Amino acid sequence: MRLRAEQLEMHLQRTALEPIYFVSGDEPLQKLECVDQIRVAARAQGYDERIVFNVDKSFDWYLINQATDNLSLFSNRRIIELRMASPKPGKEGGRTLLEYVEQINKDNLLIISSEKIDKSVQNTKWFKAIEKKAAIIQVWPINSVQLPKWIQTRVQAKQKRLSSDGARLIAQRVEGNMLAAKQEIEKLVLIVDKDDINIEDVINAVADSSRFDVFDMIESAFLGDYDRTLVMLHGLKNEGTEPMALFGALMWEFRRVCTMAHQYESGVSLESLFHTYRLWDQKKRPMNAVLKRHSSKSLDQLLNYCALIDKNLKSSQKYQVWDQFNILLLAISGINMTNFQKV
């Protein structure tokens with residue numbers, strides 16, 4: 001049985017518990033809340049003991065057999081939580097999980113949580129066996145367009161209403177961090193003593209939870225998301241980021257892009273370049289975007305502009321560099337700046 005995260009609560013209310021629940025995905029808040037819901041429902045049905053295993057590469061899978069076989073003197077029903085660092089348990093783990101499914105003990109409830117499962121995992125023998133006996137819940141990240149509505153729904157669940165512009169402001173401030181969004185919603189509902197919450201209430205009550213990271217900002221520029229890039233640049237400036245440190249991180253990434261662009265135009269495939277420069281999947285998309293957007297010539301022009309920034313950083317013109325960062329990042333994002341300077 002496959003369930004969406006929003007279907008889980010109704011499932012737990014209306015049907016008997018499945019012997020196994022497998023919650024996977026890369027969004028931590030939804031995954032945590034799904035596991036919490038299952039655990040609460042299990043407690044209500046008499047599962048009054050809980051054992052938690054954090055599974056890494058050195059995990060002893062025999063512990064699962066011990067937990068399954070040895071019931072406590074003080075409990076008849078037990079929750080076994082398997083928190084897997086990777087959805088790929090290896091041969092020993094796969095064999096243990098397969099054996100568990102083949103010899104399910106009705107007094108045990110197994111809750112497995114992991115990062116997102118891919119096709120290779122879903123095609124394994126152990127997963128197919130679990131799928132026949134379990135409820136599979138895959139959670140998906142909520143994007144920037146969906147997040148304001150998600151925030152409004154969470155506020156409504158607390159018997160209050162939040163205006164659309166207030167929800168958008170919270171979404172902007174938490175920068176996609178749903179755990180931070182949850183905390184801000186709880187604080188907002190507690191502080192604002194009325195049913196209808198507007199943007200002024202949000203401005204007065206909600207702290208800025210954004211955490212602006214230099215490499216995240218560079219990645220946004222590579223992707224061409226210039227609005228987000230400038231918001232992050234402004235945040236870094238307000239947080240007191242040292243311009244020289246920002247420039248150093250930017251140049252480390254940008255010089256690599258310039259080198260890759262020359263190699264790409266000489267006939268080297270992108271996949272070969274990604275392998276050579278050891279780019280994992282998450283980094284391939286922004287790198288691919290910037291290499292498709294810029295030629296080696298345009299990147300060399302931007303590199304010349306970087307030389308001007310470097311010169312100003314080491315002179316009395318240091319105050320100009322934040323404006324120059326703005327110009328450079330917009331150019332990387334694909335905006336044709338009329339005041340862009342060539343050195």
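Observations on the model:
- The condition of being among the aliphatic types (A, V, I, L, M), at pLDDT below 90 and farther than 27 Å from Gly176 by Cβ holds for only one of Leu71, Leu98, Leu110, that being Leu71.
- Filter result (among the small types (Gly, Ala, Ser) and either within 22 Å of the chain's Cα centre (by Cα) or crowded, with 19+ Cβ neighbours inside 10 Å (or both)) within the range 1-40: Ala5, Ser24, Gly25
- Odd one out for Val52, checked against (1) exposed (fewer than 14 other Cβ atoms within 10 Å of the Cβ); (2) part of a loop (DSSP other than H, G, I, E, B); (3) of a type in the set (A, V, I, L, M): (2)
- Residues of the range 22-53 classified as small (Gly, Ala, Ser) and free of Cβ contacts under 8 Å to residues at least 24 places away in the same chain, total: 1
- Note on the range 44-68: among residues that are among the hydroxyl-bearing types (Ser, Thr, Tyr) and at pLDDT 85 or above, the one that is nearest to Val101 (Cα to Cα) is Tyr62.
- Screening Arg255, Arg228 for residues that are among the charged types (D, E, K, R), within 21 Å of Gln324 (Cβ to Cβ), surrounded by 14 or more Cβ atoms within 10 Å (Cβ to Cβ) and not assigned by TED's automatic domain parsing to the domain that holds Leu162 leaves exactly one candidate, Arg228.
- Selection of the range 259-306 for residues being more than 19 Å from Asp216 (Cβ to Cβ), in contact with a Leu (Cβ under 9 Å, 6 or more places away or on another chain) and not in a helix (DSSP H, G or I) yields only His294.
- Against the numbered list (1) at pLDDT 85 or above; (2) buried (at least 18 other Cβ atoms within 10 Å of the Cβ), Val145 comes up short only at (2).
- Which listed residue is over 26 Å from His234 (Cβ atoms), buried (at least 17 other Cβ atoms within 10 Å of the Cβ) and aliphatic (A, V, I, L, M), from Val189, Val174, Val202: Val189
- Applying the set (1) out of contact with any Ser or Thr (no Cβ under 8 Å at 6 or more places or on another chain); (2) surrounded by fewer than 18 Cβ atoms within 10 Å (Cβ to Cβ); (3) over 23 Å from Thr15 (Cβ atoms) to Trp126 leaves exactly one unmet item: (2).
- Among the residues of the range 272-294, those that are surrounded by 14 or more Cβ atoms within 10 Å (Cβ to Cβ), modelled with pLDDT of 90 or more and either more than 14 Å from Cys258 (Cα to Cα) or not β-branched (Val, Ile, Thr) (or both) comprise Pro286, Met287, Asn288, Ala289, Leu291, Arg293, His294.
The values are calculated or read from the model by the stated rules, or taken from the named source; none is laboratory data. Keep in mind that this is a model prediction, so the values were computed, not measured. Using ideal geometry, Cβ is built from the backbone for each residue, glycine included, and neighbour counts are taken over all protein chains shown.
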